[in-house]
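The values are calculated or read from the model by the stated rules, or taken from the named source; none is laboratory data. As the structure is a computational prediction, the values presented were derived from the model and not from experiment. Quick reminder, even Gly has a Cβ in these numbers, built from the backbone with ideal geometry, and neighbours come from all protein chains shown. Each accessible area value is taken on the protein alone, full model and side chains, heavy atoms only, with ligands, DNA and RNA left out. Shrake-Rupley method; radii C 1.70, N 1.55, O 1.52, S 1.80 Å.
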Amino acid sequence: MRVALDACGEHQVDATDVAVFGGIPRILIRFSVPASSDDDEDAAARGTADRVRAGVETVAHSGRRRILRRRRGAWLPVG
């Protein structure tokens, strides 16, 4: 988890979780990016997610990643 958190850089980390579902570990990091336009926020989130994944890959194999954005109470995928 430390590697993943370090990769978040200056972004505020709001929550973390490590859980195992069906024998598959899952790391969750919820972070905030500075407010700007949707496109810039999504790009910042993708960049951070790429750095987190690269960091995790130095210590473990990672699988699929999902990037979600919170909008009016709903979690929406970031393209």
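Can you tell me which residue within segment 36-75, out of those that are under 13 Å from the mean Cα position of the chain (by Cα), open to solvent by 70 Å² or more (accessible area, probe 1.4 Å) and touching a residue at least 12 places away in the same chain (Cβ under 8 Å), is nearest to Arg26 (Cα to Cα)?
Arg65
Sort through Ala15, Ala49 and tell me the only one that's assigned to a helix (DSSP H, G or I) and modelled with pLDDT of 90 or more.
After applying the criteria, what remains is Ala49.
Residues of segment 52-77 being outside any strand (DSSP E or B), in contact with a Lys or Arg (Cβ under 9 Å, 6 or more places away or on another chain) and among the aliphatic types (A, V, I, L, M), which ones?
Val52, Ile67 - these are the residues of segment 52-77 that are outside any strand (DSSP E or B), in contact with a Lys or Arg (Cβ under 9 Å, 6 or more places away or on another chain) and among the aliphatic types (A, V, I, L, M).
Consider Asp6 against the criteria (1) modelled with pLDDT of 90 or more; (2) assigned to a helix (DSSP H, G or I): it satisfies all of them except one. Which criterion is unmet?
Only one criterion is unmet by Asp6, namely (1).
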